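The values are calculated or read from the model by the stated rules, or taken from the named source; none is laboratory data. Bear in mind the structure is a predicted one, so any value in this text is a computation, not a measurement. Cβ sites come from the backbone with ideal geometry, for glycine too, and all protein chains shown count toward neighbours. When the accessible area is computed, the model is the full protein with side chains, heavy atoms only, and any ligands, DNA or RNA have been set aside. Shrake-Rupley method; radii C 1.70, N 1.55, O 1.52, S 1.80 Å.
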Amino acid sequence: MLPLALVLAFLLTPVLEIYLLVQVGEAIGAWPTVGLLVAETLLGGWIVRREGRRAWRSLQETVRRGVVPDRELGDAALVMAGGVLLLIPGLITDVLGLAFVLPFTRPLVRRVASRYAARRMRIAGDRASMTFPPGAAGSGPAGFGPFGPFRPAADDRDPGTPRGPVVRGEVVEEDDHPSRT
């Protein structure tokens, strides 16, 4: 579903941008429309530069304190994506880019994106649990399916034997080592 939506977005966005530019050009004229696009690009570049620096400083400070920079990484990613959208000529991409970059709209976009990502992760986890049901060989957190390297240990082990991969063999101790004589 998501790849189809991306393909449609890449195909329909230029068509919508051109249609909107033609409509705005008919309403206000060709040169004012070009001026509007240039002004949006310059203003967007200045905002991206300012907010990018702010996001970078915040990210560095959070890492320096030893805290996981989840919000800061999200802000940096949104500023970067917004910058790319602002560089693409068009009114729709500029509005989206400004929503990603402006400090008063970015928290809302970050919340929506994080909820979407959490929902997608939950769906992926559900699909994985249906593909590799609990109790299947190698379906644990480190397993790689039924042919993975981590197989469940046999139940005939001593109770004191630690869990995990087991290498069967015997311990051989040398009586005399040549370097000790």
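The table below gives the values:
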{"quantity": "Among (1) modelled with pLDDT under 80; (2) surrounded by 10 or more Cβ atoms within 10 Å (Cβ to Cβ), the one test that Arg115 misses", "calculated": "(1)"}
{"quantity": "Test: residue in segment 26-49 that is open to solvent by 90 Å² or more (accessible area, probe 1.4 Å) and in contact (Cβ under 8 Å) with a residue 24 or more places away in the chain", "calculated": "no"}
{"quantity": "In segment 50-72, residue modelled with the lowest pLDDT [restricted to those that are open to solvent by 30 Å² or more (accessible area, probe 1.4 Å) and within 13 Å of Arg106 (Cβ to Cβ)]", "calculated": "Arg71"}
{"quantity": "Every residue from segment 1-36 that is outside any helix (DSSP H, G or I) and more than 30 Å from Ala124 (Cβ to Cβ)", "calculated": "Gly29"}
{"quantity": "Filter pass, Arg110 being of a type in the set (Lys, Arg), open to solvent by 50 Å² or more (accessible area, probe 1.4 Å) and without any contact (Cβ under 8 Å) to a residue 24 or more places away in the chain", "calculated": "no"}
